[in-house]
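Below is one structure, written out as structure tokens, with a few remarks after it.
The values are calculated or read from the model by the stated rules, or taken from the named source; none is laboratory data. Just so you know, these numbers come straight off a predicted model, no measurement behind them. Don't worry about glycine lacking a Cβ; one is built from the backbone with ideal geometry, like all the others, and counts go over all protein chains shown.
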């Protein structure tokens with residue numbers, strides 16, 4: 001691990017994937033459209049793979065990656081449940097997931113640009129996640 005900035009980028013990758021995994025887990029039970037459910041499952045698998053890579057790299061390099069804030073996770077859960085209670089249509093769920101994906105893309109892009117001295121392996125992992133999220137954004141928009 002080269003710098004503090006590298007460990008910050010690794011933490012952002014881990015945090016980003018965990019929020020995405022939590023959101024998908026919260027929204028899947030509310031999703032009735034089978035095509036969208038399958039897309040969400042595939043997204044979950046993609047985020048899980050990157051989260052695992054980040055965790056392994058952190059462990060190999062002595063970086064402790066913390067789980068996302070439990071209060072924020074609870075607030076996300078409540079927000080998703082309230083929003084889908086009012087409208088659990090395919091378009092609304094796709095819109096909610098697209099908004100979350102865009103927030104993830106924004107946070108990750110900012111972290112990549114702020115951390116110019118990062119370890120090449122961490123930078124590649126961040127870019128892999130960024131491309132994955134950009135791809136998910138396009139796929140989700142098809143459900144709007």
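Worth pointing out:
- Sub-7 Å Cβ pairs linking a first residue in the range 1-18 that is more than 13 Å from residue 110 (Cβ to Cβ) to a second residue that is at pLDDT below 90 and part of a helix (DSSP H, G or I), at least 6 apart or interchain, are 1/7, ordered by first then second residue.
- Restricting attention to the range 15-36, the residues that are surrounded by fewer than 16 Cβ atoms within 10 Å (Cβ to Cβ) and not in a helix (DSSP H, G or I) total 1.
- Count of residues meeting criterion [closer than 30 Å to residue 89 by Cβ and in a loop (DSSP other than H, G, I, E, B)] in the range 37-68: 1
- Checking 39, 124, 34 one by one, the residue that is free of Cβ contacts under 8 Å to residues at least 24 places away in the same chain and farther than 20 Å from residue 8 by Cα is 34 and no other.
- If only residues of the range 89-122 that are part of a loop (DSSP other than H, G, I, E, B) and at pLDDT below 90 are counted, the one that is surrounded by the most Cβ atoms within 10 Å (Cβ to Cβ) is 118.
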